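Read through the structure below, which is laid out as structure tokens, and then see the notes.
Bear in mind these aren't lab numbers, they're just calculated from the coordinates by the rules spelled out. Keep in mind the model is a prediction, meaning the values are calculated, not measured. Here the Cβ is made from the backbone with ideal geometry for all residues, glycine too, and neighbour counts use every protein chain on show.
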Amino acid sequence: MSFRKLTAAEIAQMESQGCSAKDWNAVEVAQDFDARYVRNTNFSGYNKLGAFRREIDLPGGLQIHSGIYNATLHNCEVGDDAHLYNIHNYIANYRIGANTCIENVNSVLVDRRTTFGNGVRVPVMNEGGGREIPIFNELSASMAYVLTLYRHRPQMIRELERQIDAYAESQAAEIGEIGNNVRILNCGSIKNVRIGDYAELVGVSRLKNGTVNSNESAPVRLGSGVKCEDFIIASGVEIGDSTLVDKCFVGQGCIFDKHYSAGESLFFSNCQGMHGEACAIFAGPYTVTHHKSTLLIAGMFSFLNAGSGSNQSNHMYKLGPIHQGIAERGAKTTSDSYLLWPSKVGAFSLVMGRHTHHADTSDLPFSYLIENNSESYLVPGANLRTVGTIRDAQKWPKRDNRKDPHKLDQINFNLLSPYTVQKMWRGREILNELQALSGEGTEVYGYKNCKIRNSSLKHGRELYTIGIQKFLGNSLISRLEKKEWHSLDEIRAVLRPDGQAGLGAWVDLAGLIAPRDEVTKLLDEVEQGTLSLTDIQSRLEAMHANYYSYEWTWALEKLEQVWGCKLEQVTIDQLRQTIEEWQQAVVELDRMVYNDARKEFDLNSHTGFGVDGDRQQAAADFEEVRGSFESNSFVKAVLEHIDKKTALGKCMLDKLAAVK
């Protein structure tokens, strides 16, 4: 856009409309600038004004003309058709985009040089320090995971921090930016904040030192009473109702509301926080807490559902709040649950009651951790058969709130993966070892500060076997479905892995499930300084894209252990047996889930229905509100899944039977 000096007539007109300037020569305007739409405005420093040509529609049908009214501007550039009205103090050192509306705000300013929140150190997980994470606009959950937990590689950490600091320096400026089509209405103080396109700030109390990464595809909305300081807010975020955010990264699609308080924490894609409090947490994707009395502190979580009154303690000794804990992906906490850190909760496990003995259940996933007479009892594998676990796995992809085509976090939603199945494999070995050491007749076994009943051990071992069979069969059939084959040699060719990548242990980098060896290779290159931040993100995205290739490499190695031979010696009968075991495992697990769902419709569930009548009235009231068991959409989906997988298994078995 080209600008010109004001004419004498325009200066005279603006002065007659209540405007003033220390130096009118320091005010430049667009070629078709119309002085009628600048009134009661004071100019200081150098300012540039666009053309104000358009009417702006307000809620309720009111129309106002774009322009500047009742404001003080210092060193500002105002885009075409922007609307500035009733700036109570002043706007200083900002470029304001086209079609942006700023009304009834106290002050908007940049004071000296700032990085707009980039490079701020967040002491995540350990309030005593040692895991400070420099936040920046492009921070992903996987990169943050490495920065947080791989402190045993100090040279790699230093290299990442160096690059992030360089990025932060590249964002530094003495002039702030407010993008195009932004709405800032009835707000308090905004200081050292960069605001992206299409952001909507209504009733915000205070913003200081941060970036709002809004864009047209994924606008950011900040609401009444919100206070944020030292922050990065990613695209598509919604924060409202007097929420407090202090020294935090807030990832794409997150929602904070209802007086939530978050301090010194990292939140990644699709987290939700309402009513409660978070302090020094690493909240991986889908960490959700909706209750007033819930505190998440000094822990790492992902795909978490925190019940009312859930709490943890990071004070144990006299050295202060230095303890930390981890709840692996998919963990749930019931109402009034409590964990004394340090503790580690296995993937997709349920925590019920108070636990003060520092349990580590990470090698026994899908378990119940239950308090009984102040002791922690573990029920291995129990969560594999519950309707809640399956519903969670189904709902997460549907609740992906990210609209931005550029997604920072790479999220694998699979319930069964090499990450969880390797734990079930190891868990089964652990249960066998416990029984061998203590004897089959032992009533209660001890394991890492937990107790396991004999019946729980036996049932857990069976559930892990079923889960392993389901995963291996899924992986085998998926591979066989990819290409045509008509002979055993052709089958073996189809089943050959794409490479060695995928063998060995797997890790969950806060949503990204990947082979540990591939992650190690990446970090070796980071340590050597050969990769930029963009390169690292691209490599993480490539790992995510190659997941199924890696998965098959891992699964085949396990299948070869089951078969007792290498792929080149496998027979049709062995393949058929694997698929038959898969078919049986799928149906058995689905039947368990089906029976678990039935509990939601039993007579006990009718309590509180048909309040002034008999049992028959209660049943009728219940069905009107909740529906019948047979008509429930989830129940029907389970039955359809059984039929579908049974048919798939039969089809694959018939095809194998035709192989010569």
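Residues to consider are Thr553, Thr571, Thr607; find the one that is in contact with an Asp or Glu (Cβ under 9 Å, 6 or more places away or on another chain) and farther than 18 Å from Tyr464 by Cα.
Thr553
Find all pairs meeting these conditions: Cβ atoms under 9 angstrom apart; at least six residues apart or on different chains; first residue within the stretch 632-644 and basic (Lys, Arg); second residue not in a helix (DSSP H, G or I).
Lys636/Glu630
Inside the stretch 283-308, can you point out the residues that are among the small types (Gly, Ala, Ser) and in contact with a Leu (Cβ under 9 Å, 6 or more places away or on another chain)?
Ala283, Gly284, Gly299, Ala306
Being part of a loop (DSSP other than H, G, I, E, B) and more than 18 Å from Ser478 (Cβ to Cβ) is the filter here; which residues of the stretch 554-609 pass it? Steps first, answer last, please.
Here is the first cut: in the stretch 554-609, the ones part of a loop (DSSP other than H, G, I, E, B) are 564-566, 570-571, 602, 607-609.
Across the stretch 554-609, the qualifying residues are Gly564, Cys565, Lys566, Thr571, Asp602, Thr607, Gly608, Phe609.
Do you know which residues across the stretch 470-513 are under 25 Å from Leu139 (Cβ atoms) and either touching a Pro at 6+ places or on another chain (Cβ under 9 Å) or part of a helix (DSSP H, G or I) (or both)?
Hits for the stretch 470-513 are Trp506, Val507, Ala510, Gly511, Ile513.
Which of the residues that make up the stretch 512-537 are small (Gly, Ala, Ser) and under 20 Å from Pro134 (Cβ atoms)? So that I can check it myself, show each step before the final result.
Narrowing the stretch 512-537 to residues small (Gly, Ala, Ser): 514, 529, 532.
Residues satisfying the conditions are Gly529, Ser532.
What strands (runs of 3 or more DSSP E), lying completely within the stretch 1-80, carry at least 2 residues that are among the acidic types (Asp, Glu) and under 45 Å from the mean Cα position of the chain (by Cα)?
Result: 55-57.
Any idea which residue in the stretch 383-415 is farthest from Pro365 (Cα to Cα), counting only those that are among the aliphatic types (A, V, I, L, M) and in contact with a helix residue (DSSP H, G or I) (Cβ under 7 Å, 6 or more places away or on another chain)? It would help to see each step written out before you state the result.
Here is the first cut: in the stretch 383-415, the residues among the aliphatic types (A, V, I, L, M) are 384, 387, 390, 393, 408, 411, 415.
Narrowing the set further to residues that are in contact with a helix residue (DSSP H, G or I) (Cβ under 7 Å, 6 or more places away or on another chain) leaves 384, 387, 390, 415.
Values: Leu384: 9, Val387: 16, Ile390: 15, Leu415: 11 Å.
If we take residues in the stretch 383-415 being among the aliphatic types (A, V, I, L, M) and in contact with a helix residue (DSSP H, G or I) (Cβ under 7 Å, 6 or more places away or on another chain), then Val387 is farthest from Pro365 (Cα to Cα).
When you look at Ile102, is it within 16 Å of Gly50 (Cβ to Cβ), part of a strand (DSSP E or B) and in contact with a Lys or Arg (Cβ under 9 Å, 6 or more places away or on another chain), yes or no?
Spelling it out, Ile102 is indeed within 16 Å of Gly50 (Cβ to Cβ), part of a strand (DSSP E or B) and in contact with a Lys or Arg (Cβ under 9 Å, 6 or more places away or on another chain).
Go through the stretch 4-41 and give me each residue that's in contact with a Phe, Trp or Tyr (Cβ under 9 Å, 6 or more places away or on another chain) and β-branched (Val, Ile, Thr).
Ile11, Val27, Val29, Val38, Thr41
Go through Glu138, Glu169 for me and flag whichever is free of Cβ contacts under 8 Å to residues at least 60 places away in the same chain and not basic (Lys, Arg).
Sole residue among the options that is free of Cβ contacts under 8 Å to residues at least 60 places away in the same chain and not basic (Lys, Arg): Glu169.
Output the residues belonging to the stretch 280-316 that are farther than 21 Å from Asn401 by Cβ and surrounded by fewer than 21 Cβ atoms within 10 Å (Cβ to Cβ).
Across the stretch 280-316, the qualifying residues are Lys292, Ser293, Leu295, Gly307, Ser308, Gly309, Asn311, Ser313, His315, Met316.
Taking the residues in the stretch 526-538 that are of a type outside the set (A, V, I, L, M) and surrounded by 16 or more Cβ atoms within 10 Å (Cβ to Cβ) as candidates, determine which candidate is farthest from Ser269 (Cα to Cα).
Glu527
Within the stretch 529-544, which residues are in contact with a helix residue (DSSP H, G or I) (Cβ under 8 Å, 6 or more places away or on another chain) and either in a helix (DSSP H, G or I) or on the phi < 0 side of the Ramachandran plot (or both)?
Keep residues of the stretch 529-544 that are in contact with a helix residue (DSSP H, G or I) (Cβ under 8 Å, 6 or more places away or on another chain), which gives 529, 531-533, 536-537, 539-540, 543.
Residues satisfying the conditions are Leu531, Ser532, Leu533, Ile536, Gln537, Arg539, Leu540, Met543.
Test of understanding: among Arg158, Arg151, Arg113, which residue is of a type outside the set (A, V, I, L, M) and touching an Asp or Glu at 6+ places or on another chain (Cβ under 6 Å)? Please lay out each step first, then the result.
On the way: Arg158 fails: touching an Asp or Glu at 6+ places or on another chain (Cβ under 6 Å); Arg151 fails: touching an Asp or Glu at 6+ places or on another chain (Cβ under 6 Å).
Of the residues listed, the single one that is of a type outside the set (A, V, I, L, M) and touching an Asp or Glu at 6+ places or on another chain (Cβ under 6 Å) is Arg113.
Which of the residues belonging to the stretch 5-36 are charged (D, E, K, R) and in contact with a Leu (Cβ under 9 Å, 6 or more places away or on another chain)?
Taking the stretch 5-36 as the starting set, the residues that turn out to be charged (D, E, K, R) are 5, 10, 15, 22-23, 28, 32, 34, 36.
Listed by number, the list holds a single entry, Glu28.
Output the residues belonging to the stretch 455-511 that are surrounded by fewer than 22 Cβ atoms within 10 Å (Cβ to Cβ), under 31 Å from the mean Cα position of the chain (by Cα) and among the hydroxyl-bearing types (Ser, Thr, Tyr).
If the condition is that a residue be surrounded by fewer than 22 Cβ atoms within 10 Å (Cβ to Cβ), under 31 Å from the mean Cα position of the chain (by Cα) and among the hydroxyl-bearing types (Ser, Thr, Tyr), then Thr465, Ser478 are the ones that fit.
Just to verify a result, which residue in the stretch 296-346, among those that are outside any strand (DSSP E or B) and aromatic (Phe, Trp, Tyr), is nearest to Tyr368 (Cα to Cα)? Working first, answer last.
Quick first cut of the stretch 296-346, residues outside any strand (DSSP E or B) only: 298, 302-304, 307-310, 314-324, 328-331, 334-337, 341-343, 346.
With the extra rule that they be aromatic (Phe, Trp, Tyr), the set shrinks to 303, 317, 341.
On the way: Phe303: 16, Tyr317: 28, Trp341: 18 Å.
The selected residue is Phe303.
I'd like to verify a number: residues in the stretch 121-136 that are basic (Lys, Arg) and either part of a loop (DSSP other than H, G, I, E, B) or buried (at least 19 other Cβ atoms within 10 Å of the Cβ) (or both), how many?
1
Can you work out which of the residues in the stretch 388-438 that are of a type in the set (S, T, N, Q) and closer than 18 Å to Val638 by Cβ is surrounded by the fewest Cβ atoms within 10 Å (Cβ to Cβ)?
Gln394
Which one of the conditions (1) over 31 Å from the mean Cα position of the chain (by Cα); (2) in a helix (DSSP H, G or I) does Gly613 fail to meet, given that it meets all the rest?
Of (1) over 31 Å from the mean Cα position of the chain (by Cα); (2) in a helix (DSSP H, G or I), only one is false for Gly613: (2).
Take the conditions more than 22 Å from Tyr464 (Cβ to Cβ), crowded, with 24+ Cβ neighbours inside 10 Å and over 22 Å from the mean Cα position of the chain (by Cα) and apply them to His355. Does it pass?
In short, yes.
Go over the candidates Ser269, Ser265 one by one and state the one that is among the polar types (S, T, N, Q), touching a residue at least 40 places away in the same chain (Cβ under 8 Å), assigned to a loop (DSSP other than H, G, I, E, B) and closer than 29 Å to His406 by Cβ.
Just one listed residue meets the conditions, Ser269.
Spot the failing condition for Gly439; the list is (1) more than 28 Å from Leu339 (Cα to Cα); (2) in contact with an Asp or Glu (Cβ under 9 Å, 6 or more places away or on another chain), and only one is missed.
Status for Gly439: all satisfied but (2).
Among the residues of the stretch 409-441, what is the count of those that are closer than 21 Å to Ala501 by Cβ and hydrophobic (A, V, I, L, M, F, W, C)?
Matching residues across the stretch 409-441 total 4.
Residue check, Asn118 against (1) in contact (Cβ under 8 Å) with a residue 40 or more places away in the chain; (2) part of a strand (DSSP E or B); (3) of a type in the set (S, T, N, Q), all met but one. Which one?
Exception for Asn118: condition (2).
Looking at the stretch 283-293, is at least one residue of a type outside the set (Ser, Thr, Tyr) and touching a Pro at 6+ places or on another chain (Cβ under 7 Å)?
no
When you go through Arg516, Arg496 one by one, which is the residue that is more than 30 Å from Gly284 (Cα to Cα) and charged (D, E, K, R)?
On the way: Arg516 fails: more than 30 Å from Gly284 (Cα to Cα).
After applying the criteria, what remains is Arg496.
Kindly establish whether Ala347 is in contact (Cβ under 8 Å) with a residue 40 or more places away in the chain and surrounded by 22 or more Cβ atoms within 10 Å (Cβ to Cβ).
The answer is yes for Ala347.
So if I check each of Asn86, Asn47, Asn70, which one is surrounded by 15 or more Cβ atoms within 10 Å (Cβ to Cβ), among the polar types (S, T, N, Q) and touching an Asp or Glu at 6+ places or on another chain (Cβ under 9 Å)?
Asn47
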